[in-house]
Structure formats: C-alpha cells, structure tokens
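> One structure is given below, represented as structure tokens, and several questions about it will come after.
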Amino acid sequence: MAEKQLSGMSMQNKRQVIPGIFTTLNLLCGFISVTKTSEGAIEQAAWLIVFATIFDMLDGQFARLTKSSSDFGIEFDSLADVVSFGVAPSFLLYSIVFKDMGFIGVLLSFSPLVAGTFRLARFNINVSGFEKSNFSGIPITMAALCIASFIIFNYNFWHTIQLERLVIPLILLLCLIMVSNVEYYTLPKLTFRLGAKHSSLIIVMLILLTIVIFFPHEALFPSLMIYVLWGIIRHTLNIIRTLNKQVKSQIQIPRKEKK
C-alpha cells in the first residue's frame, strides 16, 4: 500500500516537471526582455514577451493534459507572469515612451504592472480548476501581448513609436479591463460538435491565427485589438439587454396591478 502511494506521488511529481519547465522558460523570456530593453534592443524585448506568452500557454495546456495542477504550480506561474507580463512590458514602455515625463511617466508605465498583479491575485483566490469558459477581466498575459504587439507593429512600419498618441489611451484601456468584470471567452476547444456558435468561434480563430502566422508583424496587434474591443462591445450589449428587461418588467407590473 505504501509502495503504491509512493509510486503515485512519484508519477505526479514527474508530470509536474514539464509544466514547470515551460513556466521557467516563460520567466527566462521575461527576464531577458528586461535586459534587452536596457540594451536598447526594443524589438527583441517585445518579441521575448510574445515568446513568454507562448510558453505560458504551453504550461497551462500541459498541466491540463497531464492533470498535474498544484498550488505550487499556480503560485510559481503567477510569480513568473508578474515578471514577464508585468515588469517586462512596464519597463519597456518606460524606456521608449515615458522616460522623459518624470513622475507621471513612472506612474503611467507602472500602471500595467499593478493592474496585472491585481488581476492575477483576484484570479488566484477565485481559481477552481482549469475548465473555464470565460475570464472576468482580460488576463495579464493578453494585456502584455497587446503592448508588445503594438511596439512590434510600430517598429515594423516606422522603426519607432509613431503612434505615440495612442499609447496612453491603450494602456488605460488595458488596465481598466484587467481589473473590470468584463467577460472574455477562453480559447474554444478544437471541436465542431458543440453547436454552431462554438464552430463559428473556431473558424474565426483559425482565420485570425492563419493571418497572424503569415503576417506576424502587421497582423498580431490588430487581431488582439479585435479580441479586446469585441469583449467590451459584447459586455455593453449585455448591459443594455439587462436594462431593457428591467424596464419592461417595471412597465408590466403596474399594468397587472390596474387589472
């Protein structure tokens, strides 16, 4: 009996190794991104945040496949995310946009870090397994990817931040929706057996993914912004529908009372 328990624990520990390796690679990419930013290699720093995102996704996928999630794994992943998707993009923004703006620049570049950390803390206390159909607030990973892809988009066309006027509105938008209750769908399961709505989501995702693969510099940022704005529009429409239902119910109640 004891041998079986030890064998089971050993297998569990082995299954946790692969997700842990991907988390470590995620953290490494975030750290190297900071060093590249300090060296002035801006595009490399931005792409390293993108690579960190890929490792973060692989970490989660392998944890699901091997059923090897643990409290340690969740905490390790969150701490790695703070570095790769909080510190790295914030330092990148400070170095190329806000460095000459004094304390205001420090606060603006700090805002994605604090909003993302808040988002992670809220997720960790509410986490209950891996199978989720949506997120409350955009994940810190997605926000960092938006910032990194915005920089890649600008440097691809102009070799600098040409769209500088969009930086502050973009950061404030991402910070607000990270700490908001706006719902965003998770990546849909790759199956066409869950109804027409699910199938249409997969088709749209595959089309966008194909475009991004062939035109990463040009298409990544616009594709991500479609995702971000789509969530806000859907949330707004849900609020309007709820208000309309409440108004209709309030109108119907007095009519019933008159009868």
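> If a residue must be at pLDDT 85 or above and among the small types (Gly, Ala, Ser), how many such residues does segment 188-244 contain?
Of the residues in segment 188-244, 3 are at pLDDT 85 or above and among the small types (Gly, Ala, Ser).
> ILE152 - would you say it is closer than 30 Å to LYS197 by Cα and of a type in the set (Val, Ile, Thr)?
Spelling it out, it is not the case that ILE152 is closer than 30 Å to LYS197 by Cα and of a type in the set (Val, Ile, Thr).
> Let me ask something else about it. Of everything in segment 18-74, what is small (Gly, Ala, Ser), assigned to a helix (DSSP H, G or I) and exposed (fewer than 14 other Cβ atoms within 10 Å of the Cβ)? Give them in sequence order.
The answer is SER38, and nothing else.
The values are calculated or read from the model by the stated rules, or taken from the named source; none is laboratory data. Everything numeric in this text was worked out from a predicted model, so none of it was measured. Cβ coordinates were reconstructed from backbone atoms using ideal geometry, including for glycine residues, and neighbour counts include every protein chain displayed.
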